[in-house]
Amino acid sequence: MTIDNDTAANGAGDDGSAPLASRFPSGFSWGAATSSYQVEGATSTDGRGSSIWDTFVAEPGRVVDGSNGDTAIDSYRNIEGDVALVKEMGLNAYRFSLSWPRIMPEGGGRVNAAGIAYYSALVDALLEAGVTPWVTLYHWDLPQALENAGGWPKRDTAERFGEFAAAAHEALGDRVKHWITVNEPWCAAFLGYSSGEHAPGRREPAASIAAAHHLMVAHGLAAQAIKEADPEAKTSIGLNFYPVYAASDAPVDVDAARRIDGVQNRFFTDAALKGRYPEDVLDDFGAVTDFSFIEVGDMELINQPLDILSVNFYSQFTVTGADGGSVSASAAPTDSDSAWPANDHVGFVTTGLPQTDMGWEIAPAGLTDTLKRLHDNYPGVKLAVTENGAAFPDKLLDGQVADSERLDYVRDHVAACADAIDEGVPLIGYFAWSLADNFEWAWGYTKRFGLVYVDFETGRRYFKDSGKWYGDLVRQARSNREAE
Ligand code: FCB
């Protein structure tokens, strides 16, 4: 095996560390990720039903630039173009999500054949290009019909999701073996139903906790349906993790860190992998809810055997419980601590680390720590980083985007993954967020996360320097392994 130490992709450290591309095992999944509402467009095409995001973006003031996903980056009409980008980077995996209202316009019952046809064609194109599809079933675009009936705070929504998962698997399961049930239930429940920064924009803390539970019931029903249909299928849930540090040793700060860590990192993971919610978080939530929505047998249902824990990682939090802590970490433009129900008066403190265009602190070592902690606390499940990336204000100049900050971010986080592998973490994949610039929720088109730059006027795509670098790394990593 020969390794060219001079290529940027190899990234050999001055300290004599092994070249980055050689630090990953064979069979490692190298991917990029997107989600349906953020890229597809074609929101009223071929019988797609309406989603809560269609409704939300139409309300003035919800999205900073007043934009919407009606066109997004037109992925619905551009399977060939998107798959060509994935292929050109040499990726062997691609994570995308299914639009539930495209497949079941009313949220349950009737299946829309045209919706299935689109995803089927996408899966075929990926397989043809040698790329393994990783399918997310829920990335936040709930059918509006189900929100009209009460949304995630109502149990029926979870039951409908189980049906949707079974229908999606029936259509695609012959070719799709990697299934992520729910993406970031924290965001769907608490940004959607507590702070109201995401669709459906409700500000009902008690209902948001019921929503969180029903998202987990939905996960359980979907994972169960998929395994019943195909015991060989790999099931997973996508959770967003952050190391949470106390701003000081003062008891109020230490307790703030416990509370945020509990809701953010332990609540969903303990439910999925241990079949229980953490006692301390239940105590905190007890201030606003009586948990009457938890039914006998729910925790067993949620605790389905999982093959992979999907880890979305962007940043770290430092928190204070003292009055006057400045709220600065921003999940969305109107960020507030109401995204953590029953955790009033938590302040998010900046520590002076460099930040991305989202105001998120850049902390790659936190990814290594997160992966190690997850492996320690939940042994027996494989891990995959299914989202990691950064927004920066890119400039397209003569067809080039010199995004050195994003390149550094991705390189340092890939290296953090290699460090975790060195320490025994069973990490099987890394997916950059995102394949291409897209609709960043309440931030509209003002935040660019892509490895590929998209001219939002024309839809034209251009590889950024980070995308070229990532492609070089992946091709090198894969050819090293194939040469062995
Ligand atoms: C994650 C979401 C993804 C994208 C990134 C930046 O929380 O899953 O859709 O918005 O953040």
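Read-outs throughout are calculated quantities, based only on the coordinates presented, and are distinct from any laboratory measurement. All figures in this text were calculated on a predicted structure; none of them were measured in a lab. Every residue, glycine as well, gets a Cβ built from its backbone with ideal geometry; the counts of neighbours run over all protein chains shown.
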Sorted largest first, extent of the range 142-275 alpha carbons per principal axis (Å): 55, 34, 21
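Using the per-residue mean of other Cβ atoms lying within 10 Å as a proxy for protection, in what order, highest first, do the peptides 421-429, 382-390 fall? It would help to have the intermediate numbers written out before the result.
Values: 421-429: 17.0, 382-390: 24.2.
Put in order of decreasing packing, that is 382-390, 421-429.
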Alpha carbon centroid spacing (whole Å) that separates the range 257-318 from the range 32-59: 28 Å
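Counting other beta carbons within 10 Å of each residue's own, what order do Cys187, Cys417 fall into, fewest first? Mind dumping the intermediate values first?
Values: Cys187 20, Cys417 27.
Fewest-to-most ranking of Cys187, Cys417: Cys187, Cys417.
Once you keep just the Cα pairs under 8 angstrom separated by 6 or more residues, what percentage relative contact order results for the range 386-484?
Values: 131 pairs, mean separation 31.7, N = 99.
Dividing the mean separation by the residue count of the range 386-484 yields 32 percent.
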Net lengthening on full extension, Asp398/Ser292 (0.36 nm per residue, minus Cα-Cα): 32.2 nm
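Normalized C-alpha radius of gyration of the range 269-319, against 2.2 N^0.38 Å? Write down the numbers at each step before the final one.
Working: Rg = 13.8 Å, N = 51, 2.2 N^0.38 = 9.8 Å.
Taking the Cα Rg and dividing by 2.2 N^0.38 Å, one obtains 1.41.
Please list 40-46, 374-380, 309-315 highest first by mean number of surrounding beta-carbon atoms within 10 Å per residue. Don't jump to the answer; show the numbers that get you there.
Details: 40-46: 18.3, 374-380: 14.1, 309-315: 23.7.
The most tightly packed comes first, giving 309-315, 40-46, 374-380.
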Between the range 135-172 and the range 459-484, the Cα center-to-center distance that results, in Å: 35 Å
Inter-label distance for Glu80 and Tyr378, nm, one decimal - labels placed 7 Å from Cα along Cα-to-Cβ: 4.1 nm
Top positive-direction residue, dipole computed over the chain with Cβ charges, set Gly49, Leu407, Val452: Gly49
Where Rh is the Kirkwood radius over Cα pairs, Rg/Rh for the range 165-224: 1.11
Mean projection area, nm², convex hull over Cα of the chain: 21.6 nm²
Cα centre as origin, Lys/Arg/Asp/Glu Cβ charges: the range 190-329 dipole, Debye: 320 debye
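Could you give the length gained by full extension between Val254 and His345, i.e. 0.36 nm per residue of separation minus their alpha carbon distance, to one decimal place? Walk me through the numbers before you get to the answer.
Working: separation 91, 0.36 × 91 = 32.76 nm, distance 1.33 nm.
Full extension from Val254 to His345 adds 31.4 nm.
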Whole-Hz couplings from phi, Karplus 6.51/-1.76/1.60, listed for the range 184-194; x for Gly and Pro: 6, x, 4, 5, 4, 7, 8, 6, x, 10, 10
Total charge dipole magnitude, the range 5-482, about the Cα centre, Cβ charges on Lys, Arg, Asp, Glu only, Debye to nearest 20: 900 debye
